[in-house]
Every structure is written in C-alpha cells, then in structure tokens.
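Engineer: Take a look at the following structure, please.
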Amino acid sequence: MKQYELDPTEENIFRTISQDALRRNQKLVVLGKMLLQQKKHFFFSLDGCWGSGKSFFVKQLQYCITHVDTFRDNSIFVEEDKQIFQKLQEKYLVLYYNAWENDTHVDPLESLIYKVLDEFEKQKRELFSFAEYKKIVKGMFENVIKVGTGGIVDLEQVDKMNSFEDMTSAIITSEEKRNAFYSLLDQLLERDQRIFLIVDELDRCNPKFAVQMLETLKHFWNYSKITICVVTNNQELACTIKHFYGNDFDGIGYLHKFYDVVLDLDDVHLLSYLTNFCHLSSEFSVPDEIRIFLMQYYHFSLRDCNQFLSIMDLLDSTYLLPDSYSTKQYFFKYFFLPLTIAFKIKRPDLYEKFIHKQGEKILLDILAFLDNNTHSLALTFSHMIQNENMNYHLYFRNIYRSIFDETSEFYVLFSETISLLGNCIHIY
C-alpha cells in the first residue's frame, strides 16, 4: 500500500520547495521578511487547523534559512528572495522543539535548555568552555543553590560541576535560572545574532505541560534576542487550557496575553499536492478525478487526504471488480464507496444520514453542483449511462436506494465494507 504521509525529510522538504508543490513558497518569503525586521523580543503564533501542514511549513522555513545555498539558480527563488534567507541565516540560530514529544518532561525550562545545548553543540564548543561559563554564572548566585540531592550548599559547589546540565539542574530561583539562561544565550550568539525558537505541537500536549510551557516562554524566554513561534491550532490549544483551568476559563483570551500577533496558515493548494505527491491524475483516470473532486468539495486537509487515500487503497485491494462488470458496479466502487469514506472522515453528520437511508438529497446536491459548475465529471457520468434511458441523477439515486435493498448485490458488500472501517452499521 502506498505511503501518503509527507514526512518532513530533507528530500521531501527540498522537493516541495523546488516544485512549489504546496504553493507556499511566497508565504515562506513573506514570513522571512517579517523575521528579518525583528530587533526586539517577538512572540507570534502560526495558527491552522489540524492536518493543514503547519509543521511541514515551518520545517520548510527552517530549511530555507539553514540550506539557502542549495538554491543555486533563480528557478526556485529569485535573487532578492534568496538574499532574505541568506540574511536570516546570518541573523538567526534556528531551534525546532516538538513539545508533544517532550511533554513527559517535568520542567519545560530545563527541557528547552537541554534542547539548546544539544542543538548548538558546535557553537558551544567554539565560543567558550564550560570553565569559562561557570565563572559567568557563579557571580549570579547569592547564597544558595540546589543540587541533585535537594540539599543546600554554598557557592563553592559550583566548582565541582562538570557539565552544563549539572549547572542547569543546580539553579534554584527563577531569577537565577533566567539570568543564567540569558548568559548562556549571550555566549552562544554573536553580537547581532538571535535565536528563532519554533515550538510545535503544543495543542497535543497534556494540559499541565502546555500551560507550563506557555508560562515558561513568557517569563524565561522574554529576551530581546529571541523570536518565538508557537505552531498550533489555537482553538484546540484553548480547549486544552480550559481542561487545566476549568470550562469557564477564557482560553483564547489567555493565549492572546502571550502572542504579539497570530498568523493564519490557509489551506494548501490541494490539487498540486494530489497530483505531485499522491500521483493522482484527473486527466487520465475517472476514479482519480472522482477522488480529487470529493477531497476538494469537502475541503480536505493534507492529513484528511492521506487518510482518505490510504483507505481507498485498502478498498481497492479488497473489493475487486469482476472481469465483466456493470456500470452500476463501477459507480458503486468508484463513486459511492469513496463518497461514504469522504463523509466518514470529514462530515460525520452526513455520514450518519447517508448510511441510514437519509442521503438522497445530499447525493443530489452534489450532482447538481457538478452540473451547475459544468464539471467534467457531469459529462463523463452522462456518457457512461447513455444507454440507460435516464439522466445520471436518477441513475445514481437508484444505485443509492439499492444499497439498502436486501435483494441487491450491494447490500451486504456495503454494510460489511463500512463496518470493517470501524463503524458497525445496521441497515434497516
């Protein structure tokens, strides 16, 4: 079975950018210009629905900044745009942090600091030694520090520490942690450099960690040399926060206390994605054209598309048309089953109506849309049933009715197919 999920490998990222397959290259440029203007602390959110490709988009942005030299000619980005990414490469150290993968950590601040130390190991080695760093941080402590045993010791214990991680876990007060962290950043960054921190998948974290992470970003990362981007579905994140504070809590209002601005990532160019990466062809394949139409008609996200096509591949291999098949069998496999799966993924309300004999109007509305928009499928369907002495609307309605007729060849097949996909339905 094909793998439809577009993994953010360097190969896939480069390919999507080089082909502008998601039609988001100019959005990368525009966001790059915004980042280039930042001279003070800046905290923004990249908002979008689940499955809209937010994570892939920020990985593309990170790639453009860190691998701008791979765009050697002007076929992908014009020279002016490449210069934006070149300047960003000089200005920013980019750090991508997946909050969901780390939400089992007790302390979000320490988790982020460890990420910084791991990510920028090269800069850390080149710019300063740990012994030099200890001298910087030691002067910030006043009376006590906390060690791994939880005891209280004097400042001389600092000299016994052997790593940055020891130092991080030893600091006791918020002020000391903040100052030590800022000192670390000052050492990592050259004079005009900044950190660009991308925090992804916060809306998937457990509520306690999500709230703690936001508070950490607000209180500890509020530094002039830092730009923060929280990549999330803010509606879902607001619900997560309400789980922590209570259902009457204003989750959206809470989020707006953190963000300087919210940027919306609109829908990806679906047709380009389906043709370039899912290898569907509306020009040469009627089943592909039907699938493309359904995904566009119901405004599928990228994740919706991947799920839908994976299910359809499974059905293709399970339900094989006989060598000599009827037009009704063809439409059942290539229109009615995909339509039902599209409902199941995107419109559960319509799915329930459709599988309980209440879907005739839904079906006829879709067909009317094809006619009103002179869609090529309307002509294709008409040609395919030209010997049936009826218009294709009535023909499709009859197939739909036969799905619920116990004497029909489709009755058992439809019910068994749908129940196999997770919903045990009763046709009555």
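Engineer: Aspartates and glutamates near K225 by alpha-carbon distance under 12 Å, same-chain residues fewer than 8 away left out - which ones?
Structural biologist: Reachable aspartates and glutamates: D186, E190, D192.
Engineer: Which FRET efficiency, nearest 0.05, do L379 and D69 yield, Cβ-Cβ r, R0 41 Å?
Structural biologist: The calculated FRET efficiency here is 0.25.
Engineer: Per the Cauchy relation, a quarter of the hull surface: what is the mean projected area of the convex hull of the alpha carbons in the stretch 293-364, in nm²?
Structural biologist: 5.2
Engineer: In a shell of Cβ-Cβ distance under 10 Å around L274, excluding L274 itself, what net charge do Lys and Arg (+1) and Asp and Glu (-1) give?
Structural biologist: Computed value for this residue: 0.
Engineer: In addition: Add +1 for every Lys or Arg and -1 for every Asp or Glu among the other residues with Cβ under 12 Å from the Cβ of D192, and state the total.
Structural biologist: +4
Engineer: In addition: Please find the FRET efficiency linking E10 to T104, where r is the Cβ-Cβ separation and R0 is fixed at 35 Å, and quote it to the nearest 0.05.
Structural biologist: It comes out at approximately 0.80.
Engineer: At a Förster distance of 35 Å, what's the computed FRET efficiency of H243 paired with E175, Cβ-Cβ distance as r, to 0.05?
Structural biologist: The pair H243/E175 has a calculated efficiency of 0.70.
Engineer: Past 18 Å, Cα to Cα: identify those pairs from K33/K87; K115/K177; K39/K87; K59/K208; K218/K257, in the order given.
Structural biologist: The pairs that break the limit, which is 18 Å between Cα atoms, are K59/K208.
Engineer: Shifting gears a bit: Points 7 angstrom from Cα along the Cβ direction at E409 and V261: gap in nanometres?
Structural biologist: Label at E409, label at V261, 6.0 nm between them.
Engineer: Contour minus end-to-end for F284 and H269, with contour as 0.36 nm per residue of separation and end-to-end as the Cα-Cα distance?
Structural biologist: Stretched fully, the F284-H269 segment lengthens by 3.3 nm.
Every number in this text was worked out from the coordinates using simple rules, so none of it is lab data. Predicted model, so just to flag it, every value in this text is computed and none were measured. Every residue, glycine as well, gets a Cβ built from its backbone with ideal geometry; the counts of neighbours run over all protein chains shown.
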